[in-house]
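Heads up: the structure comes next, in structure tokens.
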Amino acid sequence: MAVEVTSQSLSAEEIVALCRRHSLYEWSAQSAVDPIPVARAEGSYFYSPDGTRYLDFNSQLMSVNIGHGDRRVIDAISAQLGALAYANPFMATEPRALLGQKLAQITPGDIDVFFFTNGGAEANENAFKLARQFTGRQKIMARYRSYHGATGQAIVATGDPRRWAAETGVSGLVRLPDFHRWGRPEPEPVDQALADIEEVLMYEGPQTVAAIIVETIVGTNGILIPPDGYMQGLREICDRHGILLIADEVMAGFGRTGAWFAIDHWGVVPDLITMAKGLTASYLPLGAVGMRRAIADAFQDRVFYGGLTYNSHPVGCAAALATIAVYEEDGLIERARRMGDVLRGHHEALYAKHPSVGAIRNKGLFGIIELVRDRATFEPLAPYNGASPETKAVAAYLRDHGLYTLVRWNTIMTNPPLTISEDELAEGIAIIDGALDLADQGVRG
């Protein structure tokens, strides 16, 4: 007997009402949730059920790197579902085999073994397990201006306020100073930033530290780009003390910055590298932690204590293989690098026009506009972990004019799909330009 699935066409209002009634939305007081109803998506745009079009200027969560609706990935998912929908992680499948081989070709240096997860948080969780089991040490070091995921150890490693309600006394996490401090337009001098790390290590005992985890370029905490020399210096510190360096590339990886991985810009090879988001462009959930050969070899004759039901899910692996092929076939890595120059030009024009724009940063199509009340003092337009009437007005303007992106604290994210055209990029910037007129009303003097 055939299984019948009833198809319903709900209105935008019905979708929102049912989602709010029966879903718990993340990072939100539920009474304040006002979701955009989404029915379909194509290229750089998504659409509500009533046909309202939104330019996706944040690639959803900095993840739909190849744009929406690419048939090559959709067809690969469909084909894999038809052949093999699931096999447990103790088995071997062709998508798993080919994806591991492909990732070994594009990840830095001698990273060529991968543990597959459901997403970025689990990749970081398992990176911590690998580091601790490999070194026999327990401490993990992480910065305040960071986000590493919402699961148990990952949320404790996270520095931003999302960890506050989730800190459960998990031991072994030590906070490092940031290379770019809140409320300052520029990063710290490299020598000072590295000396601050050395000082904390002196107090903690470097022989007790298993790993240092860093977002290679910091994501939602400000698109913070380390100054040249910082990553190289961090690599040297880790080498000198036998500490593993974990590069969290969940957000910055897969072409977002104009390189396969952001760490490639500095020629540094981490010991462990975590990834998700752009790995499948979020067409399906999949993450991974990659490791250097010496770390993998340590588990040849001893057990690695870690596992997941959906580790190396064959459909997820097939989606990742197809997504990586799109990056290569369409030249999206180079395209992101070139379009990053175009984005920088737009940023600079906004800075010249609007006194509320205090700083602009981007690497490839990983960008941000930082809003201030006073450029001289660099007083932010909204407080740390808060909003202001002006930033609320900016967010409402963007949504009302068909632009989707994140307005977080005093920042506007500019992270469109790597496939975005110059005309689409200009369209998005024009809408931001209009919104910044509202931000300018909050400038002092």
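Just to be sure I understand: of the beta bridges DSSP finds with both ends in the chain, what percent are antiparallel, rounded to 5? Don't jump to the answer; show the numbers that get you there.
Details: 32 of 49 bridges.
Taking every DSSP beta bridge within the chain, about 65 percent pair in antiparallel fashion.
At a Förster radius of 45 Å, what calculated FRET efficiency corresponds to the Cβ-Cβ distance of residue 175 and residue 42, to the nearest 0.05? Kindly include the intermediate steps, with their values, before the conclusion.
On the way: r = 43 Å, r/R0 = 0.95.
Plugging the Cβ-Cβ distance into 1/(1 + (r/R0)^6) gives 0.55.
Students often get this wrong: which residues of the stretch 115-153 have the backbone nitrogen under 17 Å from the point 7 angstrom along Cα-to-C-beta of residue 266?
Correct set: 141-147.
As I understand it, the dipole of the stretch 71-329 uses +1 on the Cβ of Lys and Arg and -1 on the Cβ of Asp and Glu, about the Cα centre. Which of 187, 317, 106 lies farthest toward its positive end?
Value computed over the given set: 317.
What list of ³J(HN,Hα) values in whole Hz, one per residue of the stretch 205-220 in order, does the Karplus curve 6.51 cos²θ - 1.76 cosθ + 1.60 (θ = phi - 60°) give from phi, with Gly and Pro shown as x?
Along the stretch 205-220, the couplings run x, x, 6, 9, 9, 7, 7, 10, 10, 9, 6, 4, 10, 5, x, 5 Hz.
Could you compute how fast the stretch 71-329 diffuses translationally, taking Rh as the Kirkwood radius over C-alpha pairs and applying Stokes-Einstein at 37 °C with viscosity 0.692 mPa s? Give it in µm² per second.
Numbers: Rh = 18.6 Å.
Taking Rh from Cα pairs, D becomes 176 µm²/s.
Assign unit charges at the C-beta atoms only (+1 for Lys and Arg, -1 for Asp and Glu), then state the dipole size of the stretch 71-329 relative to its Cα centre in Debye, rounded to the nearest 20. Let's see the in-between values first.
On the way: 22 positive and 28 negative charges, 130 e Å.
It comes to approximately 620 debye.
Please name which of 81, 29, 286 has its Cα lying farthest along the dipole of the chain towards the positive end, using unit charges on Cβ (Lys, Arg +1; Asp, Glu -1) and the Cα centre as origin.
In the chain, that residue is 29.
Provide the packing ranking of 184-190, 17-23, i.e. peptides ordered by the mean count of other C-beta atoms within 10 Å per residue, highest first.
184-190, 17-23
Taking amide H positions as placed in the peptide plane 1.01 Å from N, state which residues far from residue 414 in sequence (5 or more) or on other chains have amide H under 5 Å from it.
So residue 414 has HN proximity to 367, 368, 369.
I need the peptides 45-53, 117-125 ranked by packing, meaning the mean over residues of other C-beta atoms within 10 angstrom, with the highest value on top. Kindly include the intermediate steps, with their values, before the conclusion.
Numbers: 45-53: 14.7, 117-125: 26.0.
Going from most to least packed, we get 117-125, 45-53.
How large is the charge dipole for the chain, taken about the Cα centre, if only the Cβ atoms of Lys, Arg (+1) and Asp, Glu (-1) carry charge, to the nearest 20 debye? Don't skip to the answer; put the middle values down first.
Values: 39 positive and 53 negative charges, 157 e Å.
The calculated dipole for the chain is roughly 760 debye.
Taking K and R as +1 and D and E as -1, what net charge do the other residues with C-beta under 11 Å from the C-beta of residue 436 add up to? Mind dumping the intermediate values first?
Working: positive: 353; negative: 390, 433, 437, 440.
Net charge in that neighbourhood comes out at -3.
Of the options 413, 387, 354, report the single residue whose Cα projects farthest towards the positive end of the charge dipole of the stretch 275-427 (beta-carbon charges: Lys, Arg +1; Asp, Glu -1).
387
At 27 angstrom or more along the helix axis (alpha-carbon based) and mean Kyte-Doolittle of -1.0 or higher, what helices does the chain contain? Whole DSSP H runs only.
Numbers: long enough: 332-353 (31 Å, -0.61).
The answer, listed by residue number, is 332-353.
What is the sum of charges around residue 208, taking Lys and Arg as +1, Asp and Glu as -1, for the other residues whose C-beta is under 12 Å from the C-beta of residue 208?
Working: positive: 132, 137, 139; negative: 204.
Once all neighbours under 12 Å are counted, the net charge is +2.
Taking the Cα centre of the stretch 71-192 as origin and charging only Cβ (+1 Lys, Arg; -1 Asp, Glu), how large is the dipole, in debye to the nearest 20?
Rounded to the nearest 20 debye, it is 220 debye.
Going by a ≥ b ≥ c, the root eigenvalues of the Cα gyration tensor, does the chain fall in the rounded group (a/c under 1.5), the prolate group (a/b larger than b/c) or the oblate group?
Working: a/c = 1.61, a/b = 1.08, b/c = 1.49.
In terms of gyration-tensor shape, oblate.
Mind giving me the nanometre distance, one decimal, between the label points for residue 240 and residue 384, set 7 Å out from Cα along Cα→Cβ?
Here the answer is 2.8 nm between the modelled labels.
Give me the net charge for the shell around residue 105: Cβ to Cβ below 11 angstrom, other residues only, Lys and Arg +1, Asp and Glu -1. Could the numbers behind the result be given before it?
Values: positive: 102; negative: 112, 328.
Net charge around residue 105: -1.
What shape does the stretch 211-340 have by the C-alpha gyration tensor, where a ≥ b ≥ c are the square roots of the eigenvalues, rounded means a/c under 1.5, and otherwise prolate means a/b greater than b/c and oblate the rest?
Details: a/c = 2.02, a/b = 1.05, b/c = 1.93.
Since a/c reaches 1.5 but b/c is at least a/b, the shape of the stretch 211-340 is classed as oblate.
For residue 139, list the aspartates and glutamates whose Cα falls under 13 Å from its own Cα; do not include residues on the same chain fewer than 8 positions away.
Counting by Cα, and skipping residues close in sequence, residue 139 has these aspartates and glutamates nearby: 204.
We did not get these values from a lab; they are worked out from the coordinates using the rules stated. Predicted model only: the values in this text are computed from it and were never measured. We place every Cβ from the backbone using ideal geometry, glycine too, and count neighbours over all the protein chains shown.
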